[in-house]
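Notes to accompany the following structure.
Where a number appears in this text, it was derived from the coordinates with a stated rule and is not lab data. Since the structure is predicted, the reported quantities are computational estimates derived from the model, not experimental observations. Cβ placement follows ideal geometry from the backbone for every residue including glycine, while neighbour counts extend to all protein chains displayed.
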Amino acid sequence: MNLKKWLATALACSAMALSGCGNSGSTQQASQPAAGSDAAASTASAPAEGKVLRVVTNAEFAPFESKNPDGSLSGFDIDLINAIAKEAGYRVEFKDQSWDSLFNSLRNGDADAVVAAVTITPERQQSMAFTDPYFEITQVVAVPEGKQIASVEDLKNLNRVGVVTGNTGDLVASKLLGATNPKVIRFETLPLLLKELQNGGVDAAVSDSSVVMEFIKHNGDKGFTMIKVPDFEVETYGIALRKDDTELRDTLNKALAAIRANGEYDRIHQQYFGTSTAK
């Protein structure tokens, strides 16, 4: 190799080293907790040379995941996976995408984990693995003030029940009313569903309790009421992984147990829900 070729090769190699191996587009590098949170300081020290955990989420489910005006992600799930990843020696790359594309990305190998308030269900466990549960939730019914829903039978008597396609509320409504029942009205996102409830397009909305509570807290003037139906069972969230990825599952479970033990989980829970009660 002559001197000119040697210099050209060296310069090309240097440029490649400087460019790194990060993805372009909507992928967000490393840890992005809520702005101003304590987790922002803790995750900023995530190992620069550590392994990468590619996480897909759907940032339309506050307080678990949402997008800030500057495009960064925040929420309980975001801070939690950042803390788990740091404990396990990973740095996180987030990608925000539509709910109905999350599990395909996992199956296709485009992501390592789905962190999006995913309820652990027997149906989902047939095709994917889950970490240990990290949050307890129940389905609730949001209705306009003055409307009473005391049982599943009351829900069945409504003309239009809104759900988000593929969410647990959709699964619950489908089991109660029938998957093809025209009374079940499906929406692509929770904000669209709640907007339709506000406009009177649906009689009720079925969704996760903490999410509905968050919406009512910030939209108290809209006249909504959250009703807990005794027939709805307690559910749990988990981090979804590929079915055969047992090594990653065990690693994340160990890290989750560690942040529960050292108080980090409680601190994050307190920040978003006002209590340190950990489930």
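Taking 0.36 nm per residue of separation and subtracting the current Cα-Cα distance, fully stretching the chain between Asn157 and Asn68 would add 28.2 nm. What is the distance in Å between the Cα centres of the range 82-113 and the range 128-177? Taking the Cα centre of each part, the range 82-113 and the range 128-177 sit 26 Å apart.
If the cut-off is 24 Å between C-alpha atoms, which lysines fall inside it for Lys67, apart from same-chain ones fewer than 8 positions away? Qualifying lysines at Cα under 24 Å: Lys86, Lys95, Lys195, Lys217, Lys222. If R0 is taken as 41 Å, the Cβ-Cβ distance between Gln126 and Lys222 corresponds to a FRET efficiency of 0.60. Normalised by the number of residues in the range 123-279, the average gap of Cα pairs under 8 Å and 6 or more apart makes the relative contact order 38 percent. Using a 7 Å offset from Cα along Cα-Cβ at Asp100, what residues in the range 126-162 end up with backbone N under 19 Å from the label point? It comes to 161-162, nothing else. Taking 1.002 mPa s as the viscosity and 20 °C as the temperature, the Stokes-Einstein diffusion coefficient of the range 137-235 based on its alpha-carbon Kirkwood radius rounds to 164 µm²/s. Taking a straight Cα-Cα cut-off under 18 Å and skipping sequence neighbours fewer than 8 places away in the same chain, the lysines within cross-link reach of Lys175 are Lys156, Lys183, Lys228.
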